[in-house]
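Here the structure is laid out as structure tokens; the discussion comes afterwards.
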Amino acid sequence: MRDLDNKDLRGRSLLRFASPQVFYPVAGLLAPWFAGIAAVLTVIGLYIGFFVAPTDFQQGEVYRVIFIHVPAAWMSMLVYLVMAFWSAVGLVMNTRLSFMMARALAPTGAIFCFIALWTGALWGKPTWGTYWVWDARLTSQLLLLFLYLGYMALTEAIEDARRADRAGAIIALVGAINVPIIYFSVQWWNTLHQGASVSITKAPTMATTMLMGMLIMAIAAWAYTIAVAFWRVRPIILERERHTDWVGAELERLGSR
Amino acid sequence: MLAATDLACLKGDRLLFRALGLVLDAGRMLRVAGPNGYGKTSLLRILCGLSQPEHGMVRWRGRDIRAVRDDFHAELLYLGHAPALNDLLTPLENLRFALHAGGDAVPEADCVAALERIGLGDQLDLPARVLSQGQRRRVGLARLFVAGSRPLWVLDEPFTALDVAAVADLAATLEAHCVAGGIVVLTTHQDAPFASAPDVLDLAELAC
Amino acid sequence: MLAATDLACLKGDRLLFRALGLVLDAGRMLRVAGPNGYGKTSLLRILCGLSQPEHGMVRWRGRDIRAVRDDFHAELLYLGHAPALNDLLTPLENLRFALHAGGDAVPEADCVAALERIGLGDQLDLPARVLSQGQRRRVGLARLFVAGSRPLWVLDEPFTALDVAAVADLAATLEAHCVAGGIVVLTTHQDAPFASAPDVLDLAELAC
Amino acid sequence: MQWESWSAFWDMGGAAVFVWGSYGVTAACIVAELMLVFRRRSETARRLSRLRRAAPSGRPAPGVSEESVR
Amino acid sequence: MSGAGSAFAAVLRRDLTLAWRGRADVLVTLAFFVVVVCLFPFGVGAETNQLRAIGPGVLWVAALLSTLLSLHRLFAQDHADGTLEQLLLSPEPAALWVTAKIVAHWIVTGLPLVVVAPGLALLFDVERDALGVLTVSLALGTPILALIGAIGAALTLGLRGGGVLLALLVLPLYVPVLIFGAGAVDAVLGGMGASAHLLLLGGGLLGAVALAPFACAAALRIAVE
Amino acid sequence: MSGAGSAFAAVLRRDLTLAWRGRADVLVTLAFFVVVVCLFPFGVGAETNQLRAIGPGVLWVAALLSTLLSLHRLFAQDHADGTLEQLLLSPEPAALWVTAKIVAHWIVTGLPLVVVAPGLALLFDVERDALGVLTVSLALGTPILALIGAIGAALTLGLRGGGVLLALLVLPLYVPVLIFGAGAVDAVLGGMGASAHLLLLGGGLLGAVALAPFACAAALRIAVE
Ligand code: HEM
Ligand SMILES: Nc1ncnc2c1ncn2[C@@H]1O[C@H](COP(=O)(O)OP(=O)(O)OP(=O)(O)O)[C@@H](O)[C@H]1O
Ligand SMILES: Nc1ncnc2c1ncn2[C@@H]1O[C@H](COP(=O)(O)OP(=O)(O)OP(=O)(O)O)[C@@H](O)[C@H]1O
Ligand SMILES: [Mg+2]
Ligand SMILES: [Mg+2]
């Protein structure tokens, strides 16, 4: 069985990276760099957020939650789309690595989703006077969390990895079709009693520093997601390819360290 | 007509077999042998296309079965461990459904004849729930007596729970099918009373 | 010790047997024979007290089993068609549970030994769901190798799905149990390799 | 610089609970995630090496030829 | 061979026979619906105004829950006894007989709800004008629920805790249906006309009919592997 | 023989192991509870005052439904694989291990609900004072639900459509629990103190513990015959 590696993926094309064997070391190499970028940008972003950006004249200091709230919310939506993308690629092209990527991304997406909800709830208390309202945006974020949890619960519940991959891919795609539907339906449902809408406007200079901080934090979140996904996909690859020779060699290398 | 090349089957951490190849032409009967847990059922399911091998390929009339799935299935009859019996339906209804759903439109009279042939004449109107173990198996096997048009039979332990007379009858039927140009792949731990011993593929020899 | 008098079993409209009597003393083995659907399973379940006969009575050590249910069950080991296996638990956990729930406190080591004895040494840590058909049956049969204290074994087709080696081993175990003064009641359609043929109760002769 | 003193910084204009509650939980989530990721990595390596040692390289394929079954 | 459609007809006929044979089943999904609806006043108190306000919503939620509850049986039996395996070995397209199963399921569990819903709405003192829209919205919405739910049922087939895992998977997907369905009734009560909501539900139904059977068939192939 | 109690311990340990093994299960009943609660606002609209009024009732109804939903699995697996037969052939009193099964089931499905309920109540903006009573009422009420439900589960075992037939059987019995449970919270909110309600729930629990296991054991004997 050691000799069951797919020989047909040895070509020089880009598809080469779709081979777990090729991708494994690449991921190991790149992950620390992305982690480093994430760390540096977070420090810069937080510095801007706490020490450069001014106090908001309406909300006071609470608004500083924005520097994690918004990047987390963006990331949570983006990650789901990326997962769905990889799932589709996996189903259509039958590449094992894409399923693995999708599964490696899911927990991070769910965590960002939770962070967005949590920070939003804490932000809501001083600004709206309550932790939760059934506002359209909040609600669709909550449903997104359920989609993530459903995906993870399903893939965990199926023990055979290949089955789990494909089943997860189906639910990720069905969910992705539904995300926009959910978003608009929720908005429609709750336009009448839209909760307090908050404007964060002040002098333009301040808006720019704030925007800067937010964007830098958003990029940091991107880099963090990529790093963690790479780190997480590596053991998954080992697990799946454990019968091949190269994994044997890799395990010996890990063991001797 | 049925050929498998270089099959490998991995279950969890256990590699059941690898580099398994076989070629079966019209008129052959193959008995897959081996102790419990050596992968007979797993092999049969791979041959039917119900599960995917870790490596290798199954061909029917020279074409990959994944590519010609529907055509292949139109020529295949698989009976597994589970009898595919609904407990609320009668044997007759169960058989008729199995045939129609498989795309064979068989007249009612033929279904009744097949069931009577296999010894369920008295149980035609009972719900399958109350049948005895052996009677349940027989309902599934009744398909062998109507689906004459399908050349490839894949049977997982067809003799289980049958009484002595039924075992002999079934063995004769399988041999007749091969004589008529069909192919039979089966597993069994019992010594079935075949007139001429079938080919044997012993998984114990292949085990990794 | 086990005696049945004048048993009758009615299923729906069908009277399977009547006026069935039997007496089994220590050291006897009884094979209940008969074609499919003649009431072997039904008889066994009546003997265990799992279902009630239409007529007649079963006695254990001279007392009606309905009156001394708990004492009777403490001396009885019944293995039916269903293997009493939870798919999520490992064979070891399944066996330990079956023993403890039955009131036998058996040390872990004995359970492991029994499972290794019956050929599941490599499957101790797998969930039962992934076991092969024969391996599933073996988990249930492993109880025979620990519950030495129970004199009465009632086994419904214990040889089903077992490979040839396991069948021979099991047959030897059953005979050893009888030699040690136990009682075995079993059904089977296969020719089991017993050294001395057991008593036979043929339901075909009794059929109404 | 926005803050008169460190205590003012920690007080966040009275919204300390909310701001630090957000940042704290976020940090906790990230730390927990990283810990889980790395633990999973070492566990996988250990488990797989154990498996490989238990079942060293399989016998060479017995090479069932097509004829052996025909 | 009798051409495509033989499997569709065979499955549809069989599933309806089965429902009829296990007659209690039909009554019982319905009964669940009725009981859930009747339970609410006990939970939230029996004030008429409040009940009238929440009436259509409660009916819709109850319809959704009873659809959900009956779903795990859609493929479970066939999976356990090996019928599913046989169906997947049929030469006919899987999406076809999957559709037949869903249609049969809806006829047995969805249709009765649609029929009794107006009656129950009267218990909550919902206005007469809204009853028609309530019925139409349920008639359009419950098939969508069945179609989406079938995907979930196929995905969770044979998994322990499947019944409730199923709930987790499909409930987020059910929310839009619920919003438009209950929204349609509210819109009528608010004097706005429900045609937009109903059109959206109709569109959703078409989309679900077109896509769900394929997703479901793919999921079933995975489940038996 | 290790004396009475061996079966109790064995069953309890096994069922908890099983729950842990199928870990998703524990989370997933909980998830169902959460999802049902969150669904309500979509059905009835998101007006804060209205939600606050129906909040405790909705939580109780949701707890009841998720208990119900998880119940059909209480004996089903053991029945299908023959374990139940073996347990009934055990020389130890059946009521004993039946109790063990119910206790394990409540620990796995009921306890988590009790723990998260206060958090969910916040989504409905329920007042702080009422949270404690809500939790206590659920802690007393959900075991009653499990005990009564177990009888239903045993009675409907192996029947087609059992899951929903079960619902039909036990829901009427659940109504009093629901009334006192939700009533306790309302009483606090109305400033009346909830001790009377809670005492009644406690009495109900004692009664159920004393009687249900025997009924359940008898029903199981019938089911396997
Ligand atoms: C649990 C509560 C909350 C959740 C789930 C939540 C969710 C989200 C999401 C998903 C986004 C990104 C949407 C987009 O870019 O289109 C977002 C952005 C934002 N949220 Fe929240 N939010 C919550 C509470 C709050 C609160 C209380 C405030 C302020 C009072 C707030 C202020 C903002 C702002 C200013 C943005 C950026 C707007 C933009 O980029 O368009 N959020 N939130
Ligand atoms: N996840 C897993 N890890 C290790 N071994 C596994 C796993 N899943 C299945 N197996 C093993 O794979 C084998 C499957 O065998 P299969 O059912 O094909 O056997 P079989 O030859 O049909 O046996 P039987 O004669 O008992 O029916 C069993 O030995 C089983 O223990
Ligand atoms: N309601 C009913 N009406 C008529 N016959 C029935 C009814 N219920 C059961 N039977 C018959 O009773 C018999 C039950 O047989 P039982 O299961 O005891 O047979 P068995 O000897 O164990 O057979 P096998 O060898 O197949 O296991 C079957 O022939 C069945 O058809
Ligand atoms: Mg097998
Ligand atoms: Mg029998």
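Values for this structure:
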read-out	value
Flag for B:PRO35 being touching an Asp or Glu at 6+ places or on another chain (Cβ under 9 Å) and within 30 Å of C:PRO35 (Cα to Cα)	yes
When residues of segment F:189-220 are limited to those that are surrounded by 14 or more Cβ atoms within 10 Å (Cβ to Cβ) and within 14 Å of another protein chain (Cβ to nearest Cβ), the one farthest from the chain's Cα centre (by Cα)	F:LEU189
Number of positions in segment A:146-157 that are out of contact with any Gly (no Cβ under 8 Å at 6 or more places or on another chain) and hydrophobic (A, V, I, L, M, F, W, C)	4
Count of segment A:49-69 residues which are of a type in the set (Val, Ile, Thr) and crowded, with 19+ Cβ neighbours inside 10 Å	4
Pairs, first within 18 Å of A:ARG162 (Cβ to Cβ) in segment B:33-61, second in a helix (DSSP H, G or I) and open to solvent by less than 20 Å² (accessible area, probe 1.4 Å), C-beta under 6 Å, six or more apart	B:GLY39/B:LEU203; B:PRO53/B:ILE46; B:VAL58/B:LEU47
Which listed residue, of E:LEU89, E:LEU96, is under 30 Å from B:GLY140 (Cα atoms) and touching a strand residue (DSSP E or B) at 6+ places or on another chain (Cβ under 6 Å)	E:LEU89
Qualifying residue in segment C:116-126 (condition: facing chain F (nearest Cβ under 9 Å) and either surrounded by fewer than 20 Cβ atoms within 10 Å (Cβ to Cβ) or away from ligand 2 (no atom under 14 Å from the Cβ) (or both))	no
Cβ-Cβ under 7 Å pairs, at least 6 apart or on other chains, segment B:161-175 side under 21 Å from C:GLN133 (Cα atoms), far side of a type in the set (Lys, Arg) and near ligand 3 (Cβ under 9 Å from one of its atoms)	B:ALA161/B:ARG137; B:LEU162/B:ARG137
Helices (runs of 4 or more DSSP H) within segment B:1-118 that include 1 or more residues within 16 Å of ligand 4 (Cβ to nearest atom)	B:40-48
Single residue of segment B:128-154 satisfying the filter (more than 12 Å from every other protein chain (Cβ to nearest Cβ) and surrounded by fewer than 22 Cβ atoms within 10 Å (Cβ to Cβ)) that is farthest from B:ALA113 (Cα to Cα)	B:PRO151
Residue satisfying all of: in segment F:112-147; in a helix (DSSP H, G or I) and over 22 Å from F:LEU200 (Cα atoms); nearest to the chain's Cα centre (by Cα) among these	F:PRO112
Filter result for E:LEU178 (under 21 Å from E:LEU131 (Cβ atoms) and either without any contact (Cβ under 8 Å) to a residue 24 or more places away in the chain or not acidic (Asp, Glu) (or both))	yes
All positions within segment B:158-171 that are in a helix (DSSP H, G or I) and within 13 Å of chain C (Cβ to nearest Cβ)	B:VAL164, B:ALA165, B:ALA166, B:VAL167, B:ALA168, B:ASP169, B:LEU170
Candidate set: segment D:4-21, residues that are within 9 Å of chain A (Cβ to nearest Cβ) and open to solvent by 70 Å² or more (accessible area, probe 1.4 Å); chosen: the one nearest to A:ILE66 (Cα to Cα)	D:VAL17
Every residue from segment C:132-154 that is more than 16 Å from ligand 5 (Cβ to nearest atom) and among the aliphatic types (A, V, I, L, M)	C:VAL139, C:LEU141, C:ALA142, C:LEU144, C:VAL146, C:ALA147, C:LEU152
Unique residue being within 30 Å of C:LEU7 (Cα to Cα), outside any loop (DSSP other than H, G, I, E, B) and away from ligand 3 (no atom under 16 Å from the Cβ) when the list is C:LEU186, C:LEU174, C:LEU155	C:LEU174
Residue match in segment A:85-101 (condition: open to solvent by 20 Å² or more (accessible area, probe 1.4 Å), outside any helix (DSSP H, G or I) and at pLDDT below 95)	yes
Count of segment A:102-119 residues which are within 13 Å of A:GLY168 (Cα to Cα), out of contact with any Gly (no Cβ under 9 Å at 6 or more places or on another chain) and either open to solvent by less than 10 Å² (accessible area, probe 1.4 Å) or free of Cβ contacts under 8 Å to residues at least 40 places away in the same chain (or both)	1
Qualifying positions in segment E:41-97 - surrounded by 22 or more Cβ atoms within 10 Å (Cβ to Cβ), among the charged types (D, E, K, R) and more than 14 Å from chain B (Cβ to nearest Cβ)	none
F:LEU178 vs. criteria open to solvent by less than 30 Å² (accessible area, probe 1.4 Å), within 20 Å of the chain's Cα centre (by Cα) and under 24 Å from E:CYS38 (Cα atoms)	yes
Checking C:PRO107 against (1) modelled with pLDDT under 90; (2) away from ligand 5 (no atom under 16 Å from the Cβ); (3) surrounded by 18 or more Cβ atoms within 10 Å (Cβ to Cβ), the condition it does not meet	(3)
Close pairs from segment B:1-29: first under 22 Å from E:GLU225 (Cα atoms), partner among the small types (Gly, Ala, Ser) and within 12 Å of ligand 2 (Cβ to nearest atom), Cβ under 6 Å, at least 6 apart	B:CYS9/B:GLY39; B:CYS9/B:SER42; B:LEU16/B:GLY39; B:LEU16/B:SER42; B:PHE17/B:GLY39
Residues of segment C:10-26 satisfying the condition of being within 14 Å of chain B (Cβ to nearest Cβ) and open to solvent by 10 Å² or more (accessible area, probe 1.4 Å)	C:LEU10, C:LYS11, C:GLY12, C:ASP13, C:ARG14, C:LEU15, C:LEU16
Of all residues making up segment E:10-48, the number that are among the basic types (Lys, Arg) and either at pLDDT below 85 or in a loop (DSSP other than H, G, I, E, B) (or both)	2
Of all residues in segment C:27-68 being more than 11 Å from every other protein chain (Cβ to nearest Cβ) and open to solvent by 60 Å² or more (accessible area, probe 1.4 Å), the one that is farthest from ligand 1 (Cβ to nearest atom)	C:ARG28
Residue list for segment B:155-208, filter: hydrophobic (A, V, I, L, M, F, W, C), open to solvent by less than 50 Å² (accessible area, probe 1.4 Å) and within 16 Å of ligand 5 (Cβ to nearest atom)	B:PHE159, B:ALA161, B:LEU162, B:ALA166, B:VAL167
Conditions (1) closer than 29 Å to A:THR130 by Cα; (2) touching a helix residue (DSSP H, G or I) at 6+ places or on another chain (Cβ under 7 Å); (3) at pLDDT 85 or above: number failed by F:PRO143	(1)
Some residue of segment B:34-43 being closer than 28 Å to E:VAL11 by Cβ and either within 19 Å of the chain's Cα centre (by Cα) or within 16 Å of ligand 3 (Cβ to nearest atom) (or both)	yes
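The values are calculated or read from the model by the stated rules, or taken from the named source; none is laboratory data. These numbers come from a predicted model, not from an experiment. All Cβ positions, glycine included, derive from the backbone under ideal geometry; neighbour counts span all protein chains shown. Heads up: the accessible areas ignore ligands, DNA and RNA and are worked out on the full protein's heavy atoms, side chains in. Shrake-Rupley method; radii C 1.70, N 1.55, O 1.52, S 1.80 Å.
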